[in-house]
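J.: Can you read through this structure? Questions will come right after.
None of the figures in this text is laboratory data; all of them are computed from the coordinates on show. Every value quoted in this text rests on a predicted model; they were computed, and no experiment measured them. Here the Cβ is made from the backbone with ideal geometry for all residues, glycine too, and neighbour counts use every protein chain on show.
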Amino acid sequence: MSASVRGIPATDRVAAGTVRSNGATQLATNESERKSQPDCAVAQAPKLTVFVAADNRLLREALARMLTKKGGIQVSGMKSQGPLQAEQVAQANANVLLLTSRGALNDDLQMIREVRAAAPGVRVLLLGIVRNGAEFLQCVRAGINGYLLHDASSEEVLEGVRAVHAGEAVCPGALCAALFRYFESEAASLPCASARRRLGLTRREQQLVPLIAKGLTNKEIANHFSLSEQTVKNHLYRMKHKVGAEDRLDIVQLYRTQGFLV
């Protein structure tokens, strides 16, 4: 024992040791409390929710397991019975709809349009089989946000879901080239944005487009502008003929394509 320690009475040495021990314990306790307390300054991000729509139950369950285990993503739509209904997607309040192709292009297009009308805020990622670029472009015009081939890997599907949720577009390279070719061929007919011609629509007709994009019905649009429902129908009829659209969603998609609607 050193002289400096021997010079301290035993009771004082014990007390001194106790103080050091308590001090270290107190520091450790404070540190533990700080670590255990939640950081109020950092808000937890809401969990990504994906509605999985696949007619094949095994495929639906496999996609759900992959998203849950690999991505920590919340999955809905697993209890769906029978063919998918757009109202189911709207009621689920999901961020992304992971839609597998039904094998028929017209069926896929119809479902995409119905979902866009019932749940305009949901992002749509389609897993399908395209035969050519024209079919892919029809899916884009219908309102998808991303497209992956049916044989995409689990990593590609997971990355695709996160990308479309973040507002990015997703598609294989060959299909992306089809988009560029389409816009290249249509460049001469695109209206000049600086002229603000807005595809030849009147001011009132232009005001209808954002409301259509939000999924409002004719009656709701009529109430918004204090118009009759028939007047709104007349506007929509003229708008479709002016821009060459097949339906109201086609008007919205064309407006987005031209850069007039974000």
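J.: Rank the residues 203, 248, 238 as a footprinting-exposure proxy: fewest other Cβ atoms within 10 Å of their Cβ go first.
T.: Arranged by neighbour count, lowest to highest, 203, 248, 238 become 203, 238, 248.
J.: From the C-alpha coordinates alone, can you work out the Kirkwood hydrodynamic radius of the stretch 100-146, in Å?
T.: 10.6 Å
J.: For a footprinting-style exposure proxy, rank 98, 211, 175 by other Cβ within 10 Å, fewest first.
T.: 211, 175, 98
J.: Straight distance only, please: which lysines reach the Cα of residue 47 with their own Cα at less than 19 Å, same-chain residues fewer than 8 apart left out?
T.: 69, 70
J.: Sorted from fewest to most neighbouring beta carbons within 10 Å, what does the list 114, 135 look like?
T.: 135, 114
J.: Given H placed on each backbone N at 1.01 Å, which residues far from residue 97 in sequence or on other chains put an amide H within less than 5 Å of it?
T.: Here 51, 123, 124, 125 satisfy the definition.
J.: Taking all pairs of distinct Cα atoms, average 1/r, flip it, and tell me the Kirkwood hydrodynamic radius of the stretch 49-186 in Å to one decimal place.
T.: Here the Kirkwood hydrodynamic radius works out to 14.9 Å.
J.: Can you list, bin by bin at 5 Å, the percent of alpha carbon pairs in the stretch 191-257, starting at 0?
T.: 3, 18, 32, 26, 14, 5, 2
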